[in-house]
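As structure tokens, the structure follows; a few thoughts come after it.
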Amino acid sequence: MLRRLSDRIRFDLDDRYLDKASKIEAYRIKDIVIKLTKHQLVITKGDEIKKLQVDDMRKQPTVVFKEILRLMG
């Protein structure tokens, strides 16, 4: 779904070396950072922070997608 927003998506891993990394800690699209915790999806752009429940992402992914689009525009 993130590829619809940009073809240049970067991600932060939990280790510096790809061989040792076991998970993605954050996704980056331009100046937006998306972090997923156990209970929340945190979308950050500069000083603006939007927190959504993980259930929202599962039940209504378009709401999350629209929120990212709003921050990009």
What distance in nm separates the simple spin-label points at L5 and Y17, each placed 7 Å from Cα in the Cβ direction? 3.1
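Going through the cross-link list K35/K66; K20/K66; K23/K66; K38/K66; K38/K59; K20/K59, which pairs have a Cα-Cα distance over 23 Å in this structure?
Values: K35/K66 16 Å; K20/K66 34 Å; K23/K66 25 Å; K38/K66 21 Å; K38/K59 16 Å; K20/K59 33 Å.
Where the Cα-Cα span goes over 23 Å, the pairs concerned are K20/K66; K23/K66; K20/K59.
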Per residue of segment 49-54, in order, report the coupling 6.51 cos²θ - 1.76 cosθ + 1.60 (Karplus, θ = phi - 60°) as ³J(HN,Hα) in whole Hz, putting x for Gly and Pro. 10, 10, 10, 10, 6, 4
Model label zone, E67; criterion: amide N under 14 Å from point 7 Å along Cα-to-beta-carbon; scope segment 26-49: 33-45, 48-49
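In terms of the ratio Rg/(2.2 N^0.38 Å) built on C-alpha atoms, what value belongs to the chain? Mind showing how you got there, number by number?
On the way: Rg = 12.6 Å, N = 73, 2.2 N^0.38 = 11.2 Å.
For the chain, the normalised Cα radius of gyration is 1.12.
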Pull up all non-local amide H partners of Q40: gap of 5 or more, or a different chain, and H-to-H distance under 5 Å with H placed in the peptide plane. V54
Given contacts defined as C-alpha pairs under 8 Å and at least six residues apart, what's the relative contact order of segment 2-72, whole-number percent? 18
Once the Cα atoms of helix 61-72 and of the chain are each reduced to a long axis, what angle between those two axes, in degrees from 0 to 90 to the nearest 10, is obtained? 90
F11 long-range amide H proximity, modeled H, under 5 Å: R28
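At 0.36 nm per residue, minus the direct Cα-Cα distance, what do L36 and I49 gain on full extension? Give it in nm, one decimal, please. Kindly include the intermediate steps, with their values, before the conclusion.
Working: separation 13, 0.36 × 13 = 4.68 nm, distance 1.32 nm.
Residue separation times 0.36 nm, minus the Cα-Cα distance, leaves 3.4 nm.
Bear in mind that the values in this text are calculations on the coordinates, not laboratory data. Every value quoted in this text rests on a predicted model; they were computed, and no experiment measured them. No Cβ is skipped: glycine too gets one built from the backbone with ideal geometry, and neighbour counts run over all protein chains shown.
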